[in-house]
Each structure stands twice: as C-alpha cells, then as structure tokens.
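Written below as structure tokens is the structure these notes are about.
The values are calculated or read from the model by the stated rules, or taken from the named source; none is laboratory data. Keep in mind the model is a prediction, meaning the values are calculated, not measured. Virtual Cβ from ideal backbone geometry, glycine too; neighbours counted across all protein chains shown.
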Amino acid sequence: MATGTDIGVEITSQRAQGRHQFKITHHHTQGGARNADVATYPVTHGGDLARPHPNLDDQMLLPSTPSNRRQHPTSDNTTDEYMEDWTTVRPKKFRKKRTQGQGYGGAGTAAVPVTTVTPIEPGDIHIKCIGISKTEDLINDPIRIRRLLNNTIFRDKYVGKGKLLKAKHTLILRIKDKRDIPVLLCVPELKGTNKTWPIECYSPETSLETNFGVIKLHPSISDDSIQEEIVWNSEFNSSRGAKITEIFRIKKKYGRDLVPTYSVRVKFEGTNRPTHLYHGDEHLLVHPYYPRLIICARCSKSGHVYKYCTSAPRCGRCGKNHEKNQCRIPANDQTRRKCPNCQEQHTAAYGGCQYIKIEKQILREHAEHKTPKSDVAKYYGQM
C-alpha cells in the first residue's frame, strides 16, 4: 500500500455484466507527485464488501448488504468520521400491466366466462286413449299404461303417477322440463308385446279451444247455406290462414224453445284465429269466442260438469260436504245459504259471486290473448 499524504477517497458504484460493484479511488501525494490507487469490490449474493478506508486496509469490511440493494454515502466528506453514514437505495419495482382478457396468472391465463343457467320449469301433457285403446278401456289399467310409457321417450321425462280422467279416457302427466313437451306430443302410440295402443298427446297450453271464433250472420241464413259458402271460398280463406273445420249456430233459450241468434261459432284448424273471414261477397270480422261458464253440480267448481267430476262433493246451497240433492235446507230459504267458493250468503251459481266473476274474466283473457288458463288463474289467485 502506498504511503504519503492523503488527499481524499472517491467511492462510486456501477453495474457491469449484470452485477453491482463498488469502485474506490484513493487519492494521495507521494514525493510531491499526485497518485490515485483504484480498487474494485464486487457485490455477491449474500456476500460482503471490503470496507473502504483511506488506507485501503483489506482486513476491514463494510457492513453486510443484501445483493439487491446498494448503498451510497450521504456526504462528500470521506474521512473516517463520516464513513459509517450510509443511505440504503432500493431499486424501483414495476408491476406488469394486465391486458383485457388476462387473469391474475399472467398473459396465459384466460378470463373466466360468465354463464347463465336457464331454470327448468315443469309442464303438463295429456295422453288420450283413442281407437282400440278407448274401446278396451286401457285407461282403467294405469300400471299397464306406465309400463308402456317406459318403452317410449316418456321413460325419464315425467314424474309421479299422473292423474287419471277415466270419463275422458285421459292420463295427465307432469313433465319435468316443459321444453321436452313438443317432442313428446309426436308420440302416436304405445307398443306392447303383442299389441299397439293408439294415443293422442296434447298440451293444455296448445289446446284447440283457443282457435274458436264468432262471426255475425242473420238468423234467417241456414247452417247448410253457411256451410256451402265456406266450401266455395275454402281455397281463398285457407290461403289467408283461415281453414274452417266446423261451424255451429249459437242458440238461446226462450221458455222451452231454442231460438237462433246472430252468432255463429267457427272452428279453425291450428291454434291461430284469423281476424277476417271471406263469406259471400264480404269480409266478416272474426270475434273472440267466450265459452259459457259451467259450474259442476257435484263439487261447485267451474270448468266441468257432474259426469266428469272426480272431486269430493260440496253442496252449492249450504257449502257442506254433500251433494246438492241431499241438502236439507229448502231451496227458498235464503238465510242459511252459504257459497262453498267465497263463503258468502248465496248459492254457488249466483252471478254476483266473486268467484264467478273471476272465472269469467279468466275465460275472457284466455279467449282474447290466448294465455294459458293456468297462468291466468295463478294471476287471480284461483289455484
């Protein structure tokens, strides 16, 4: 090590070949000449640096410094008095920007797509026995019907045992997913071991009852004349979606006589009701058909008659659990009357009954807007 008069020590840091190192320059004079001794101290991972000292004593070490940090003196004074005053300088960290569609895992991570699950809604389907299935009363053997259904696409599509309407030779099944109903409607028969049973499948929401209409014609025009005009203009009406399959003159009872009215009920093929109908030399407006409200004489509910009723009896006069013809209350006794539907003091067939009013409104909305009766009934709280 050189001897002489110390002038000063210059300490600098630099980065070479990807690694940090300290460069210490010792300025001194010797024999009147100015000299500079240079020493380089590399920074190793977890290692130490030789402590810079004016006399460049290699035996003394700098304080331990992590490999990812570097230290600079806070003062230009390089005497021993200030050598311990150091400032730690940390390198800046830059966060990588995440582009759209990338996850937190980096560029290779894709965004998780959001999927919506459509809720499964059940629905009903009616299976009607026709032909030999009706004549041999297949409906009276529900176990056999379900066994035959399991050999078709109905196998895993329905739940429960279903509801039997023996008078109508019909079985009502509850379908798990109503989206399967259009496919199930195409099943024409049930195949057994040695026999085939014909059936007719339909949905109550697509019942042909919604394709009735009413046209206005003078009562003096006979049904035969109307039918003749319909056949004559069938091609023209069919081209406009008005294919007629049935007509019926609506009659009204006056005393003991049935008098024809201006209204003629027309049944169209399909589920769509046309707005106009060509008859004779004029276009007739097709009005919605509002069916008459029917009250059952057995259970006092609407929509069916005594012959097809499968419910428990309810008296329409006193509201108790017996049939109306077994009621002990006289028909002219108005003080003890009780409606089984609304619990008010009147009979079940009274036109001012709140239950009757709502049922009529259900029929009107079903005829005008072709809304399923079950949906309208739920809206009015009748189910």
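With a requirement of 2 or more residues that are under 40 Å from the mean Cα position of the chain (by Cα), the strands (runs of 3 or more DSSP E) lying completely within region 247-316 that satisfy it span 257-268, 276-279.
Just need a number here: residues in region 334-381 that are more than 24 Å from the chain's Cα centre (by Cα) and either outside any loop (DSSP other than H, G, I, E, B) or surrounded by 14 or more Cβ atoms within 10 Å (Cβ to Cβ) (or both). Before you say what the answer is, go through the steps one by one.
So in region 334-381, the residues more than 24 Å from the chain's Cα centre (by Cα) come out as 334-365, 367-368.
Retained after the next criterion (residues that are either outside any loop (DSSP other than H, G, I, E, B) or surrounded by 14 or more Cβ atoms within 10 Å (Cβ to Cβ) (or both)): 337-342, 344, 346-350, 353-365, 367-368.
Within region 334-381, residues that are more than 24 Å from the chain's Cα centre (by Cα) and either outside any loop (DSSP other than H, G, I, E, B) or surrounded by 14 or more Cβ atoms within 10 Å (Cβ to Cβ) (or both) number 27.
Filtered by the rule that a residue be under 22 Å from residue 211 (Cα atoms) and in contact with a Phe, Trp or Tyr (Cβ under 7 Å, 6 or more places away or on another chain), region 267-308 gives 267, 274, 278, 289. Entry remark, region 264-294: residues being touching a residue at least 60 places away in the same chain (Cβ under 8 Å) and among the hydrophobic types (A, V, I, L, M, F, W, C) number 5 in total. Looking only at region 253-275, which residues are modelled with pLDDT of 90 or more and either surrounded by fewer than 13 Cβ atoms within 10 Å (Cβ to Cβ) or among the β-branched types (Val, Ile, Thr) (or both)? 259, 261, 264 - these are the residues of region 253-275 that are modelled with pLDDT of 90 or more and either surrounded by fewer than 13 Cβ atoms within 10 Å (Cβ to Cβ) or among the β-branched types (Val, Ile, Thr) (or both).
Against the conditions (1) at pLDDT 85 or above; (2) surrounded by fewer than 19 Cβ atoms within 10 Å (Cβ to Cβ); (3) within 25 Å of residue 263 (Cα to Cα); (4) out of contact with any helix residue (DSSP H, G or I) (no Cβ under 7 Å at 6 or more places or on another chain), residue 303 satisfies every one except (1).
Is it fair to say residue 234 is of a type in the set (S, T, N, Q) and modelled with pLDDT of 85 or more? Break it down stepwise before answering.
Numbers: of a type in the set (S, T, N, Q): yes; modelled with pLDDT of 85 or more: no.
Answer is no for this residue.
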